[in-house]
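None of the figures in this text is laboratory data; all of them are computed from the coordinates on show. All values derive from a computational prediction rather than experimental measurement. Heads up, the Cβs are rebuilt from the backbone with ideal geometry, glycines too, and the neighbour counts pull from every protein chain shown.
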Amino acid sequence: MEQDEHKREMLNVEDVLALLRAEVAKSGSQIEWARQHGVDRSCVCAAINGTKPLQPKIIRALGLKATIAYRRV
C-alpha cells in the first residue's frame with residue numbers, strides 16, 4: 001500500500017524540474033538525455049532554464065502524468 005501511495009504523490013513544477021535535472025545529470029548531458037528519450041534538446045534546456053513550460057513529452061519521459069488539482073481557498 002505504501003508503494004501505491006508513493007506512486008500517487010503530487011509534485012509541483014519545482015519538484016519535476018529537480019527530477020529532470022537529476023535525470024539529465026545521470027545521463028551526462030541535456031543532449032544525451034534528450035536523445036535517449038526522443039525529446040528536442042532545446043525543449044529540455046528551455047524547461048530547465050524556466051523560459052518555457054515543461055512539454056508533455058518530457059513529462060512522459062520522466063514517468064509522470066500531468067494532472068489538474070484543485071483545493072479550497
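Remark on the chain: ratio of C-alpha radius of gyration to 2.2 N^0.38 Å is 1.19. Cβ crowding within 10 Å ranks Ile31, Ile68, Ile58, Ile48 as Ile68, Ile31, Ile48, Ile58, fewest other Cβ atoms first. Please work out the C-alpha center-to-center distance from the range 17-36 to the range 43-57 and express it in whole Å. Value for the Cα centre distance between the two parts: 12 Å.
For the chain, a simple Cβ point-charge model (Lys and Arg +1, Asp and Glu -1, everything else neutral) yields a dipole of about 280 debye relative to the Cα centre. Other residues with beta-carbon under 15 Å from the beta-carbon of Arg21 carry, at +1 per Lys or Arg and -1 per Asp or Glu, a net charge of -2.
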